[in-house]
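Accompanying notes for the structure given below.
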Amino acid sequence: MQLNCLNHVIDLSSPQVMGILNVTPDSFSDGGAFTQLDKALLQAEQMVSAGAAIIDIGGESTRPGAKAVTQQQELDRVLPVIEAVSQRLDTPVSIDTSKAVVMKEAVAAGASFVNDVNALRAEGAVETAADLGVPVCLMHMQGEPRTMQQAPHYEDVVADVSDFLLARAHACEAAGISATQIVIDPGFGFGKTLEHNLTLLQQLDQLCSLGYPLLAGISRKSMIGTLLGDRPADQRLHGSVAAAVIAAMKGARLLRVHDVAETVDAVKIVTAVLD
């Protein structure tokens, strides 16, 4: 199992770590920390040195209640960082966006993976992704970031998320995206209560059996903070690593995290056990 990211290949025969690089002023955990190009590049270098298989760059916060940004604002934030990281480091770069134009410009700047919390549902997104020929990650989200945590409800969260992800994957295949280039993401924290999140993590193996590699993004999220007694985001390291280990043991193949070095170490132990 592997992803062909233009000039790079990501081997998913064992779990791999995706490092988060938010170039936003308002992300829930590291907002404002990497808005300057030199700081963003240094962070990317450190994550790659620590073992990240891919760097995920985002220019619009999708935390609950976050404000939308314009297409131009997003481009202005991400393009210089994508260019710098892709030129300096021999590691694939992912663009975390839902906008078709941002996807296209980001790939032209050096990105080779599209990570979309909206599962390529925006106008022109699926057609653009198909034309670009890069792997895509389709995430489940109930509602939209501004309102998604107000009253999440499911009849059966695992079945509902599975049905959505399969429908989106099939829509992408119909649009010309190869099934081997599709990754799915249950969207922890995106329109889900703590109970929903825990149920998804407990039954993640069911989602991993759908036929597509699965990305788990649990790092530093509010579910971790709540379980640790309302711990702030920058004090959720150990809980985040524990969640990543559970996800990897359940079959996740990409782990999207803030704390790369610690997660990479943990994944080495998981891989040894699974092998």
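General remarks:
- The stretch 68-95, residues that are touching a residue at least 60 places away in the same chain (Cβ under 8 Å) and closer than 22 Å to Ala125 by Cβ: Ala68, Val81, Pro92, Ser94
- Scanning the stretch 251-275 for residues that are buried (at least 18 other Cβ atoms within 10 Å of the Cβ) and farther than 20 Å from Arg236 by Cβ yields a single hit, Arg253.
- The set of residues in the stretch 254-273 being assigned to a loop (DSSP other than H, G, I, E, B) and under 16 Å from Gly187 (Cβ atoms) is empty.
- Of the residues making up the stretch 67-117, those that are surrounded by fewer than 17 Cβ atoms within 10 Å (Cβ to Cβ) and either modelled with pLDDT under 95 or acidic (Asp, Glu) (or both) are Lys67, Ala68, Thr70, Gln71, Gln72, Gln73, Asp76, Pro80, Gln87, Arg88, Asp90.
- Any hit, the stretch 217-238, residues being over 26 Å from Ile57 (Cβ atoms), more than 17 Å from the chain's Cα centre (by Cα), surrounded by fewer than 19 Cβ atoms within 10 Å (Cβ to Cβ) and of a type in the set (S, T, N, Q): yes
- Set side by side, the residues Ala252, Ala248 differ, and just one is touching a residue at least 12 places away in the same chain (Cβ under 8 Å) and touching a strand residue (DSSP E or B) at 6+ places or on another chain (Cβ under 6 Å), which is Ala252.
- All positions within the stretch 1-25 that are more than 24 Å from Leu37 (Cα to Cα), in contact with a Lys or Arg (Cβ under 7 Å, 6 or more places away or on another chain) and buried (at least 24 other Cβ atoms within 10 Å of the Cβ): Pro15
- Residue in the stretch 191-200 that is basic (Lys, Arg), surrounded by 15 or more Cβ atoms within 10 Å (Cβ to Cβ) and either over 16 Å from the mean Cα position of the chain (by Cα) or not in a helix (DSSP H, G or I) (or both) present: yes
- Matching entry among Ile20, Ile10 (being at pLDDT 80 or above and in contact with a His (Cβ under 6 Å, 6 or more places away or on another chain)): Ile20
The values are calculated or read from the model by the stated rules, or taken from the named source; none is laboratory data. Keep in mind it's a predicted model, so treat the numbers as computed, not measured. Counting neighbours? That spans all protein chains shown, and the Cβs are built from the backbone with ideal geometry, glycine included.
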